[in-house]
Amino acid sequence: MASDASAQCHYQTVVLGAEELCGGAQPASMFPWSLNEFGQVVGDFACGIGFSRPFVWRGDGPLVEVPVPLDFQSGTAFDISEGGTIVGGLMIGGGRFKGPVGFLFADRVMTVLEPLPGGDTVCAHAVNDAQQVVGFWGDTGSGSPLSGSMAFLWDDGVMLDLAPDLGTMSSDAYDINDAGQVVGWMGVSILLDGRAFIWDDGVVIDLGPVPDGVSSFAFAINDVGQVVGQGQVPEDGTTFGRGRGFLWDNGAMSSVGVLPGFENSRATDVNNRCLVVGTCWGGSPTSGYVWHDGVMHDLNDLTSSPERITDVSGVNDSGSILARLGGNGVALLVPIDPPAADVTGDCAVDHRDLQFVIDAWGRSESVGDLDGDGEVGFGDLLRVLSGWTAP
């Protein structure tokens with residue numbers, strides 16, 4: 001059922017200060033990659049024409065650089081856990097996404113993640129609260145049997161190659177939830193035949209292509225097991241078709257659609273309330289969106305941002321959204337005065353919140369635990385009913 005547009009949250013734009021990154025000058029480029037439940041943010045920046053460097057924002061003050069070892073010239077921070085552990089990739093000779101090694105930065109100590117035997121490349125994409133890390137490893141050498149990428153899971157100093165379980169030539173792991181479920185893509189070509197997957201303790205679920213499409217690749221999984229990503233839908237006159245963001249929930253994949261005036265979409269993150277965020281592009285300047293219960297909203301219509309919201313990277317359970325601004329800035333979009341009993345994150349308390357509490361009945365560590373007693377139950381049901389805002 002579609003949400004009433006009038007109930008959709010509006011957002012305050014909090015621009016994160018970058019003045020300390022480049023000696024008082026605005027960075028030449030910036031990209032935010034992830035935020036955690038405490039609103040801490042990581043990403044990368046570059047000063048002038050220099051190499052990219054990782055940054056972190058701990059919730060107050062300006063953005064600061066994550067220290068990169070002297071042996072490396074550049075790096076990117078891709079994810080930050082609830083405990084503040086940061087993971088990403090480091091490069092010796094430049095370049096943004098692939099580095100010879102991945103890294104884990106915790107308690108001011110940088111741990112380099114070495115590739116498996118025969119490889120020379122590791123990049124860490126995500127980390128959970130148990131400091132389990134996922135990403136890809138491989139060999140950058142042309143003609144090598146390991147050329148390309150293969151998904152891995154790193155746990156307590158041991159790297160596990162997921163390729164034998166996935167059974168494909170190439171793969172990459174983009175996210176891991178607190179249950180240890182891993183998502184990413186597997187296949188030969190991410191756009192042509194890639195398939196989004198869930199890896200769960202050796203068991204692999206192929207999520208299939210997006211509706212009417214030929215491929216899929218997963219960017220994020222929440223603690224409920226819902227997955228978001230992108231796939232390609234064929235269209236005459238295009239090489240790879242059009243991108244379509246998707247939500248996979250309990251065995252069913254659905255497209256999130258695309259904003260009017262745009263040609264492509266991707267879904268980059270989903271929180272535990274099934275609030276989906278992402279980006280639309282093609283046909284107009286790129287634009288960030290928020291999607292819930294079948295309805296997509298342009299975030300530029302829901303904020304008073306002084307600059308256009310061009311990309312969206314993440315959303316946490318409080319509903320705060322991590323965005324990139326058109327003028328090369330980074331911002332948090334914070335919901336304005338959401339009702340206390342709004343568990344679905346749409347700034348209304350209605351049948352959706354009631355259904356959420358019923359579905360989460362008896363669970364612990366759920367956003368449906370409104371009274372904070374450690375379990376979803378009658379107290380939470382009463383809070384939804386007493387906070388009802390629907391007509």
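The chain has equivalent-ellipsoid semi-axes of 32, 24, 22 Å, by the square roots of 5 times the alpha carbon gyration tensor eigenvalues, sorted largest first. Working note: Debye formula, equal point scatterers on the alpha-carbon atoms of region 294-333, no solvent; log10 I(q)/I(0) at q = 0.18, 0.23, 0.31 Å⁻¹ is -0.47, -0.75, -1.19.
The largest-to-smallest principal axis extents of the Cα set in region 214-278 are 39, 23, 16 Å.
Separation of region 158-191 and region 269-291, taken as the distance between their Cα centroids, equals 24 angstrom. Computed extension length for residue 214-residue 373: 52.7 nm, one decimal, from 0.36 nm per residue of separation with the Cα-Cα distance subtracted.
In terms of the mean number of neighbouring beta-carbon atoms within 10 Å, the peptides 356-368, 174-186 order highest first as 174-186, 356-368. For the listed peptides 208-214, 167-173, 41-47, a ranking on the average number of other beta carbons within 10 Å per residue, highest first, reads 41-47, 167-173, 208-214. Peptide packing: for 197-205, 75-83, the average count of neighbouring Cβ atoms within 10 Å per residue gives the ranking 75-83, 197-205, highest mean first. Over region 339-391, all Cα pairs binned in 10 Å intervals from 0 give whole-percent P(r) values of 33, 57, 10, 0, listed from short to long. Using the Cβ-Cβ distance between residue 108 and residue 49 with R0 = 22 Å, the FRET efficiency computed as 1/(1 + (r/R0)^6) comes to roughly 0.15. Working note: 222 nm ellipticity from helices only, DSSP H runs with n ≥ 4, each -39,500 (n - 2.57), summed and divided by the residues of the chain, gives -1500 deg cm²/dmol to the nearest 500. Note on region 339-391: dipole from Cβ charges, positive end direction compared against 388, 343, 366; the farthest Cα belongs to 388.
Straightening the chain between residue 203 and residue 340 buys 45.4 nm, computed as 0.36 nm per residue apart minus the Cα-Cα spacing.
Running a GNM on the chain with Cα contacts under 10 Å, which residue among 84, 229, 61 ends up with the highest mean-square fluctuation? Its mean-square fluctuation being the largest, the pick is 61. Distances between placed amide hydrogens fall under 5 Å for residue 78 paired with 87, 88, 89, all partners being 5 or more residues away or on another chain.
Using only the C-alpha atoms, the convex hull of region 6-55 corresponds to 105 Å³ per residue.
For an R0 of 45 angstrom, estimate the FRET efficiency from the Cβ-Cβ distance between residue 308 and residue 382 and round to the nearest 0.05. The calculated FRET efficiency here is 0.60. Taking Cα centre as origin and charging only the Cβ of basic (Lys, Arg, +1) and acidic (Asp, Glu, -1) residues, the dipole magnitude of region 339-391 rounds to 140 debye.
Bear in mind these aren't lab numbers, they're just calculated from the coordinates by the rules spelled out. As the structure is a prediction and not an experimental result, all values here were calculated from the model. Cβ: placed from backbone, ideal geometry, glycine included. Neighbour counts: every protein chain shown.
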